Amino acid sequence: DTDPSALRFVSVGRPLPSHGIRLVDDRGAPVADRAVGRLHFRGPSCMAEYYHNTNATARTVLPDGWLDSGDLAYVSDGELFITGRAKDLIIKGGRNIVPQEVEEVAANVEGVRKGCVAAFGVPDPVTGTEQLIVVAETHAESAEARERVERAVVEAVSVQVGVPPDVVRMAAPGTVPKTPSGKIQRSATRDAFLSGALGERRAVPLRVRALLAARLVASRLRRAAARAGRALYLAYLAVAAVVLLLFVVLPAWALARVLPRGRPVRLLSRWVSRALLAAAGCSIRVEGAGRLPTHGPLVLVANHASYADTPVLLAALPIDFVLVSMVEVLAWPFVSWFVRRGEHPTVDRWHVQQSLADAAAIERRLGEGTSILFFAEGGFTAAHGVRPFKLGAFSAAVAAGASVVPVALRGTRRALPADARLPYPARIHLWIGDPIAPEGSGLSAAVTLRDRVANEIARHCGEPRLETR
């Protein structure tokens with residue numbers, strides 16, 4: 001830390017499982033800790049070849065299976081530190097010079113634009129080594145000011161790096177080429193320097209400028225149309241919400257308080273759900289309704305991507321069923337009445353004894369012939385994908401000897417994303433699979449049943465599995 005010329009590098013960590021790294025010198029011999037070497041690696045993520053480029057493949061994929069990354073790095077306490085690219089290394093008078101070191105020193109000189117310096121080597125046939133070239137951008141415009149900054153760069157590099165640059169070229173802002181991510185393109189700067197094109201600005205053809213302008217205008221028009229459409233939709237929702245509240249929600253809530261418990265209230269919930277979805281501009285297409293048995297208790301299992309899942313299932317599934325919900329819904333206005341009087345079971349996830357009692361009550365209802373729907377993921381998140389399924393639904397199915405019907409929802413995440421307060425119009429697809437009967441008993445039967453159902457739902461919901469096992 002006390003050495004003013006010391007460089008700092010950020011650790012990139014340790015190799016992933018099943019991957020390996022090694023650092024070697026120019027002869028291929030391993031280097032010691034904290035000594036810079038060429039980085040080789042291998043593992044499952046290693047590429048096989050360059051596409052249709054056998055020469056590049058032969059230079060990169062080594063005979064013993066290792067891949068030459070082209071990076072220079074060192075290891076300390078098992079962690080890897082990348083120091084730069086081997087092709088960017090400058091060899092001057094037998095000394096290896098890291099271009100980042102020169103660039104950092106030059107960038108700290110007053111008058112030089114930070115992050116806009118490129119250092120590279122150019123072969124010198126007279127000396128048989130490389131010349132050290134530094135191209136630095138500056139806002140200085142007068143010849144005197146530029147010469148003063150140039151002398152300061154030469155002095156700083158000579159003192160802190162220990163090697164004076166052979167050429168320092170001061171350039172206007174925007175001269176040093178960069179990648180879209182902001183990295184200095186040293187090879188491109190070297191090529192421009194050698195060809196004499198450094199600092200030249202190529203004229204953009206009129207056709208290209210016209211095309212870019214047209215695309216810009218089209219992009220802005222699309223964004224403006226999307227904003228206008230959303231504003232109109234929100235205005236419509238405001239009116240629709242008032243109409244629904246007065247003529248659907250409040251009358252249905254009043255009916256739910258006087259109708260007999262159970263099936264009549266669940267039928268009312270179906271019609272309310274259909275009205276809400278229609279008002280939001282959501283259409284539902286059901287596939288596989290004919291696969292549902294007409295008798296016997298069923299365990300229906302669906303993926304969970306949105307709060308819209310519940311009204312979609314209530315509106316679209318053509319059989320009578322109850323839906324397992326978290327106990328927290330009993331505190332929600334209006335909804336709690338439909339849950340209680342519709343006799344939908346709830347589960348307390350936070351208290352073990354109550355959770356076990358709730359699970360036993362669900363198994364009893366299956367034994368009484370009631371079909372029950374579970375969201376086997378438990379809850380949902382904003383992450384796009386199907387999370388691991390919990391075993392509760394499948395244990396209940398095994399205990400009751402009930403078949404499990406996989407139900408895949410697609411489009412509900414678009415209709416009401418996790419971080420949204422208002423819905424979006426969406427086309428929703430509801431897929432119903434063939435019933436899957438449990439085979440055997442106990443935990444192993446529940447696990448097998450879960451995996452079969454999860455595979456079917458993942459195949460039809462349009463989202464990837466997020467399981468880590």
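The values are calculated or read from the model by the stated rules, or taken from the named source; none is laboratory data. Here the structure is a predicted model, which is why all the values come from computation and not from measurement. All Cβ positions, even for glycine, are placed from backbone atoms using ideal geometry, and neighbour counts span all protein chains on display. Accessible surface areas use protein heavy atoms only, side chains included; no ligands, DNA or RNA. Shrake-Rupley method; radii C 1.70, N 1.55, O 1.52, S 1.80 Å.
Tabulated values for the structure
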read-out: Additional length obtainable on full extension of the chain from Val242 to Asp64, 0.36 nm per residue less Cα span; value: 56.9 nm
read-out: Rounded FRET efficiency, nearest 0.05, which uses the C-beta distance separating Asp348 from Tyr424 and R0 of 30 Å; value: 0.40
read-out: GluC sites (Glu not before Pro) restricted to the stretch 355-406 and DSSP loop, no more than 14 other C-beta within 10 Å; value: Glu368
read-out: Distance-filtered residues of the stretch 398-442 - backbone nitrogen under 11 Å, label point 7 angstrom along Ala331 Cα→Cβ; value: none
read-out: Förster radius 45 Å - calculated FRET efficiency between Asn455 and Lys114 (Cβ-Cβ, nearest 0.05); value: 0.25
read-out: Label-reachable residues, the stretch 111-128, where backbone N falls under 18 Å from a point 7 Å from Ala172's Cα toward its Cβ; value: 112-113, 116-117
read-out: Candidate lysines for bridging to Lys390, where Cα separation is under 23 Å - those fewer than 8 sequence places away on the same chain excluded; value: none
read-out: Amide H partners (placed H, <5 Å) of Gly378, local residues excluded; value: Lys390
read-out: With every protein chain in place, the chain: carbon and sulfur % of accessible area (1.4 Å); value: 57 percent
read-out: Cα-projected label distance for Arg14 with Ala360, points at 7 Å along beta-carbon direction, nm; value: 4.7 nm
read-out: Summed side-chain charge close to Ala58 - residues other than Ala58 whose Cβ falls under 14 Å, Lys, Arg +1, Asp, Glu -1; value: -2
read-out: Helical mean residue ellipticity (222 nm; -39500 (n - 2.57) per DSSP H run of 4+; nearest 500) of the chain; value: -11500 deg cm²/dmol
read-out: Alpha carbon centroid spacing (whole Å) that separates the stretch 171-192 from the stretch 48-82; value: 25 Å
read-out: Residue-span extension gain [Ser181 to His384] - 0.36 nm each, minus C-alpha spacing; value: 70.4 nm
read-out: Backbone HN-Hα couplings from phi across the stretch 204-213 [Karplus 6.51/-1.76/1.60, Hz, Gly and Pro as x]; value: 8, x, 4, 4, 5, 5, 5, 5, 5, 5
read-out: Sum of side-chain charges, Val122 neighbourhood, beta-carbon under 9 Å (Lys, Arg +1; Asp, Glu -1); value: -2
read-out: ³J(HN,Hα) computed for each position of the stretch 174-187 - Karplus, 6.51 cos²θ - 1.76 cosθ + 1.60, integer Hz, glycine/proline x; value: x, 6, 6, x, 9, 6, x, 8, x, 7, 5, 9, 5, 4
read-out: Percentage relative contact order, the stretch 59-176, counting C-alpha pairs under 8 Å, at least six apart; value: 20 percent
read-out: Length-normalised contact order of the chain in % [C-alpha pairs under 8 Å, at least 6 apart]; value: 10 percent
read-out: Förster-model FRET efficiency, 41 Å R0, Ala145 and Leu211, C-beta, rounded to 0.05; value: 0.55
read-out: Eligible aspartates and glutamates near Lys114 by straight Cα distance, threshold 16 Å, same-chain separation 8 or greater; value: Glu101, Glu103, Glu104, Glu137, Glu150
read-out: For the chain: accessible area per residue (Å², 1.4 Å); value: 57 Å²
read-out: Gain on full stretching of the segment that runs from Arg291 to Val31 - 0.36 nm per residue minus C-alpha separation; value: 87.0 nm
read-out: Charge context of Glu144, other residues only, Cβ under 14 angstrom, K/R +1, D/E -1; value: 0
